[in-house]
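First up is the structure itself, then whatever we jot down about it.
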Amino acid sequence: MINSCHANPNGPSILHRAQLGGVGASARLVLLAAAGSLLAVAAAGPASAESDSPSDRDKTSGTVVVTGGTLRITAPGDAGVLGKRGHTTSSGTVKGSLGQVRVTDTRGAAPGSGWVASAISSPLNGPGKAVIPASAVGYVVGEIDREGTATYRAQNPSDLSDLVPVVKATNVAGNNTATWSPTITVDVPGGARAGTYAVTVTHSVI
């Protein structure tokens, strides 16, 4: 809508109204006139647009958990006869295979992780009160079959009277498996009483 005012020398100004086509509802045009001359022209710009941001907001956080697997070791329940030696006054060594030992690591551990497999032996208990000490028991790892990414090192301890490392894995990345069949050695002292000596070798992994 346009309001126009023309000066009339013989009387008061005359106000005319006319539609202004094509102008948005938020725009106005105002013309002010006095007798004999146009005094001022002013245009009002578009009104400020409303902000798109919400007047209030709240956030909710959450997590996703990926659970890892396990680190475990398995070994045969019974290795049978590890070796035989005739009765003699001199010392000697017998040896035999313990069977397959396996470490399975499904923890999904971070790169650079590792694990240590260890073993400990009981004394060898023979007939009567005859005993061969656990310090006479040795462990030879042999070849290590592997799956996955890791570096394996055999330790081959010669004394299993305490819990000692037998295989160490380093630079582990993701899941991995190591398998070996160790040879158990026993230093039999001279003059050992004839008979069967029982021994238990226990494995663990951390």
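All of the numbers you see were taken from the coordinates with simple rules; none came from a lab. If you're wondering where the values come from, they're calculated on a predicted model, not measured in any experiment. Please note: Cβ atoms are built from the backbone with ideal geometry, for glycine as well, and neighbour counts cover all protein chains shown.
Working note: Karplus 6.51/-1.76/1.60 with θ = phi - 60° gives region 180-185 the couplings 8, 10, x, 9, 9, 10 Hz, where Gly and Pro are set to x.
Reachable lysines from Lys129, Cα under 27 Å, same-chain residues fewer than 8 places away excluded? Of all the lysines, those that pass the test against Lys129 - Cα under 27 Å, at least 8 places apart if same chain - are Lys84, Lys95.
Between Asn171 and Gln100, the distance separating the two model label sites (each 7 Å from Cα on the Cα→Cβ line) works out to 2.7 nm. Counting charges near Ser181 (Lys, Arg +1; Asp, Glu -1) among other residues having Cβ under 12 Å from its Cβ returns a value of -1.
In region 135-164, whose amide N lies under 18 Å from the spot 7 Å out along Cα-to-Cβ of Ser181? List them in ranges. Output list for this probe position: 139-147. Under a 5 Å amide H cut-off, with hydrogens placed 1.01 Å from N, Gly138 pairs with Thr185, Val186, Asp187 among residues at least 5 apart or on other chains.
Under the simplified labelling scheme, the Thr67-Ser158 pair shows an inter-label distance of 4.7 nm, with each label point 7 Å from Cα along Cα→Cβ. Net charge in the neighbourhood of Ala136 (other residues with Cβ under 14 Å of its Cβ; Lys, Arg +1, Asp, Glu -1) is -1.
Under 5 Å from the amide H of Gly108 lie the amide H atoms of Gly69, Asn175, each residue being 5 or more positions distant or on a separate chain, with H modelled from the backbone and absent for Pro and chain starts.
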